[in-house]
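Notes to accompany the following structure.
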Amino acid sequence: MEDLVRKRQTAKVTPDIVEGIAWKSCRDIVEYLGKLRNGRILRDEYLIRYAAMAVADNAQEVVIALNDLSPLTENAVWYQVADAVKKPRHFSVDFPISRGLKGGATSSRVVSSAERLGQETLDLLDRELTTIARNRRFRAFLKTVSGDIQSR
């Protein structure tokens with residue numbers, strides 16, 4: 001039994017798994033950033049907050065995958081992710097607002113936090129995975145998305 005626990009604690013995430021998580025999260029971030037903008041245009045509070053929450057969740061998945069974190073409980077996730085080395089620059093500020101954990105945030109603040117969190121997460125993926133990602137379509141997608149969102 002102790003052998004099994006030791007193996008589990010020392011197991012590392014394979015690059016293929018990290019790449020799969022990153023690709024899924026990257027697509028979802030781009031999709032929900034679009035929905036966030038639509039919510040702002042339509043003045044739809046529910047759509048804004050839901051899309052911001054989805055961006056925050058995907059940013060958290062990226063940080064967990066890139067740092068090879070293995071949270072033991074739901075409560076431990078935030079503390080491990082906040083202390084992670086590879087994370088978006090303003091993660092600690094933007095995540096609680098985008099996720100809806102910090103009450104009283106106005107819609108405009110939620111939108112700006114979610115957009116910044118999404119952009120910084122895409123930039124992080126571009127920096128970390130462009131050179132090591134094996135899937136050519138994913139590398140091309142990263143370059144396109146990173147450049148496209150920066151030009152807006």
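The values are calculated or read from the model by the stated rules, or taken from the named source; none is laboratory data. Predicted model, so just to flag it, every value in this text is computed and none were measured. Glycine gets a Cβ as well: all are built from the backbone with ideal geometry, and neighbour counts include every protein chain shown.
Here is a check on your reading of the model: is ALA133 touching a helix residue (DSSP H, G or I) at 6+ places or on another chain (Cβ under 7 Å), part of a loop (DSSP other than H, G, I, E, B), over 28 Å from THR144 (Cα atoms) and modelled with pLDDT under 90? No: the conditions fail for ALA133.
Annotation for segment 1-12: no member residue is assigned to a helix (DSSP H, G or I), of a type outside the set (Phe, Trp, Tyr), in contact with a helix residue (DSSP H, G or I) (Cβ under 6 Å, 6 or more places away or on another chain) and modelled with pLDDT under 95. Close Cβ contacts (under 9 Å, 6 or more residues apart or on different chains) running from residues in segment 93-114 that are over 16 Å from ALA54 (Cα atoms) to residues that are surrounded by 17 or more Cβ atoms within 10 Å (Cβ to Cβ) and of a type in the set (D, E, K, R) comprise VAL93/ARG116; SER108/ARG40.
When you scan segment 30-127 for helices (runs of 4 or more DSSP H) that lie fully inside it, which ones turn up with 3 or more residues that are at negative phi and loosely packed, with under 13 Cβ neighbours inside 10 Å?
Helices (runs of 4 or more DSSP H) meeting the threshold: 74-82.
Taking (1) closer than 30 Å to ARG136 by Cα; (2) in contact (Cβ under 8 Å) with a residue 12 or more places away in the chain in turn, THR14 satisfies each apart from (2).
For segment 93-108, filtered to residues that are modelled with pLDDT of 90 or more and within 18 Å of the chain's Cα centre (by Cα), the residue that is farthest from GLU45 (Cα to Cα) is VAL93.
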